[in-house]
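This report concerns only the one structure given below.
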Amino acid sequence: MDASATPDPLAQFQEWFAEAQAKETYLPEAMTLATVDDQGVPDARMVLLKDAGDSGFVFYTNTESAKGRQLASNPFAALVFHWQSLKRQVRVRGRVEPVSADEADAYFASRARAAQIGAWASDQSREMDSAYDLEKSIARFTAKFAIGTIPRPPHWNGYRVIPEAIEFWEERLFRLHKREDFRRDGDHWRAARLYP
């Protein structure tokens, strides 16, 4: 790569993400979130990107869920974006920290009312006694918050993945795929081209 240029993988991500938003048919913001439990066993699931910028990649969840508990004991994660229509993939690895209360409150207030009630009603990742437990919980919280503003639950928050490494993969003919790897080096990024 051009050693004279200062690489900016976060700007490159924004360009690719904008293209995905224009071309990907379903949920371009979907990403795999990988965490590890307190025994070091990996776990992965799909979540939705809610913000991306110089400070990192943000998603929201129930902090008492499996991923919330895993991040509390081991605050590191990996993300994967895959945009089939563009034949591109982005991998991110880094430290995770909670977003500020103000940031979480503002995002929660922007959610649809049904999604706000769902955040109160679901004991995410926990066993249900019957198939109707969630419906009963939704009914209970719908009645509780019949009118007025719904506050953010204390167990619901956002997390920011602060990238230490970002890799861009782009499909090419004959499996000659393009891979660009960026590693944080202090306040700068070190760039390298990788074999596919």
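The values are calculated or read from the model by the stated rules, or taken from the named source; none is laboratory data. On a predicted model such as this, the values are computed, not experimentally measured, just so you know. Neighbour counts run over all protein chains shown; Cβ positions are idealised from the backbone, glycine included.
Values computed for the structure shown
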| read-out | value |
| --- | --- |
| Residue within region 181-189 that is exposed (fewer than 13 other Cβ atoms within 10 Å of the Cβ), out of contact with any Lys or Arg (no Cβ under 9 Å at 6 or more places or on another chain) and in a strand (DSSP E or B) present | yes |
| Top-ranked residue of region 20-39 - restricted to ones that are in contact with a Pro (Cβ under 9 Å, 6 or more places away or on another chain) and touching a residue at least 24 places away in the same chain (Cβ under 8 Å), ranked as farthest from Leu79 (Cα to Cα) | Ala20 |
| Met31 loosely packed, with under 14 Cβ neighbours inside 10 Å, within 12 Å of the chain's Cα centre (by Cα) and at pLDDT 95 or above | no |
| Subset of region 34-71 [of a type in the set (A, V, I, L, M, F, W, C), surrounded by 12 or more Cβ atoms within 10 Å (Cβ to Cβ) and either modelled with pLDDT under 95 or under 19 Å from Ala119 (Cα atoms) (or both)] | Val47, Leu48, Leu49, Val58, Phe59, Ala66, Leu71 |
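Yes/no matrix, rows are residues, columns are (1) under 24 Å from Gly56 (Cα atoms); (2) in contact (Cβ under 8 Å) with a residue 12 or more places away in the chain:
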position: Asp105; (1), (2): yes, yes
position: Ile117; (1), (2): no, yes
position: Tyr132; (1), (2): no, no
position: Thr142; (1), (2): no, yes
position: Thr149; (1), (2): no, yes
position: Glu167; (1), (2): yes, yes
position: Lys178; (1), (2): yes, yes
